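Below: one structure, written as structure tokens.
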Amino acid sequence: TIEKMKGNSTILVTGGAGYVGSHTVVELLNNNYTVIAVDNLVNCYSSGNEKPEALKRVEKITGETVTFYDIDIRDKEALDKVFKTHKIDAVIHFAALKSVGESVQIPLTYYQNNIGGSSTLFEVMANNGVKKLVFSSSATVYGDPQFLPITELHPTGQGCTNPYGKTKYFVEEILKDLCTSDQEWKVVLLRYFNPVGAHESGLIGEDPSGIPNNLMPYIAQVAVGRREKLQVFGADYPTVDGTGVRDYIHITDLAIGHLKALERMFSPCFKSWKAYNLGTGRGYSVLEMVKAFAKASGKPINHEIVGRRGGDIAECYADATLAKIDLDWVATRDIGAMCRDTWNWQKKNPKGFHSS
Ligand code: NAD
Ligand code: WQD
């Protein structure tokens, strides 16, 4: 019956042209779901008024078509039209602004886009009787961990120091309130740890605009010669080698987690909301990542130790047992695969999607 359900289901994917969205769309199409993607192109490349390059590549990988709308999720009328045009069964909601540093500079923009956009989406969903949602949350809702590995029972919202992190926490809370108000809502909150890597084809991957904020894309750009050297933010943390430790997860494993979440949500026994960590359960330090990437790429990664970055925590990794039990999901791609696939994407597309 799961097979039948997939073949008959249409999933609306907000932010479908982005990094996590595009990889998830590949897995959805490969599993016979029909996909409607919406994105306002604020953080993805598109030449002219065509389909975003990432989605063209998704079509190339899968041989399937993606229906795409250039829509801002804050635009209630435009969204409503999509729900009236297609029979949507569930929504996977990726659309958000995600730069931690930028969110400190322009908090209102983040609150309007991420919280305003989300509440508009939920309102339009409810008006159209679509009450199944998978939400892109983040390990950032846990703040500075009180214990490791982090389980879903860890308190949330207490240590979110930046507006971006707060938007994830607030939207989680809004969704919990919605579930309390109306039993028909079914919501899965997926708390991602650190997504890295690319589709194994090398056709899609992470394509940050400007100087990358995150470690993996920065390392990849050093390897390909676009940046001179990596700055390692602090080597005086109480960790294995003094550098920050994170739970990096391959983007394909993360994407598959969304399909598992959908299947769970469609099962009749699923009620209300549930949060799941998506991580490997194992942490790697910055220097371990540098070493693994150098090995995978055969390129030396020029780097220097500098001071800590404000707001960073020492260590963070998941207890992903609940996702294994409830969703039958485990991350299977290791650090070698994460580095190999990032490098494959980076060297084939030195300037990201602009390379095409
Ligand atoms: P991304 O920027 O690549 O993708 C987000 C997409 O949403 C972009 O294509 C952007 O153009 C679109 N978008 C933004 N605001 C929109 C709006 N108002 N209307 C329509 N489209 C809009 O980011 P990503 O890495 O793919 O992240 C996807 C989701 O996962 C986000 O919600 C992010 O906060 C969350 N998340 C990401 C990470 C990570 O490290 N990548 C970690 C945890 C959670
Ligand atoms: C990883 C490690 C840095 C860059 C962020 C968001 C989080 C989530 C995922 C969305 C840290 C170090 C980094 C560099 C470095 N996003 N580093 N030099 O900070 O764990 O998480 O992305 O929800 O909310 O905060 O990821 O990749 O930025 O950093 O030394 O140039 O690499 O200090 O230890 P982070 P990151």
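Some notes on this structure:
- So VAL141, is it open to solvent by less than 40 Å² (accessible area, probe 1.4 Å), among the β-branched types (Val, Ile, Thr), more than 15 Å from CYS316 (Cα to Cα) and modelled with pLDDT of 95 or more: no
- Top-ranked residue of the range 298-347 - restricted to ones that are among the hydroxyl-bearing types (Ser, Thr, Tyr) and open to solvent by 20 Å² or more (accessible area, probe 1.4 Å), ranked as nearest to ligand 2 (Cβ to nearest atom): TYR317
- Flag if ASP241 is acidic (Asp, Glu), within 12 Å of ligand 2 (Cβ to nearest atom) and assigned to a loop (DSSP other than H, G, I, E, B): yes
- Taking the criterion of being within 16 Å of ligand 2 (Cβ to nearest atom), open to solvent by 30 Å² or more (accessible area, probe 1.4 Å) and either in a strand (DSSP E or B) or closer than 25 Å to GLY157 by Cβ (or both), the residues of the range 182-214 that qualify are ASN194, PRO195, ASN213, ASN214.
- Given (1) aliphatic (A, V, I, L, M); (2) under 18 Å from VAL187 (Cα atoms); (3) more than 16 Å from ligand 1 (Cβ to nearest atom), index of the condition ALA323 fails: (3)
- ASP177, sole failed condition from (1) away from ligand 2 (no atom under 11 Å from the Cβ); (2) assigned to a helix (DSSP H, G or I); (3) crowded, with 19+ Cβ neighbours inside 10 Å: (3)
- Failed condition for GLY159, given (1) surrounded by 15 or more Cβ atoms within 10 Å (Cβ to Cβ); (2) at pLDDT 95 or above: (2)
- In the range 236-243 there is no residue that is buried (at least 17 other Cβ atoms within 10 Å of the Cβ) and of a type in the set (A, V, I, L, M).
The values are calculated or read from the model by the stated rules, or taken from the named source; none is laboratory data. Computed from a prediction, not measured in an experiment: that's the story for all the values here. Cβ: placed from backbone, ideal geometry, glycine included. Neighbour counts: every protein chain shown. To get the accessible areas, we keep the full protein, side chains included, count just its heavy atoms, and leave off ligands, DNA and RNA. Shrake-Rupley method; radii C 1.70, N 1.55, O 1.52, S 1.80 Å.
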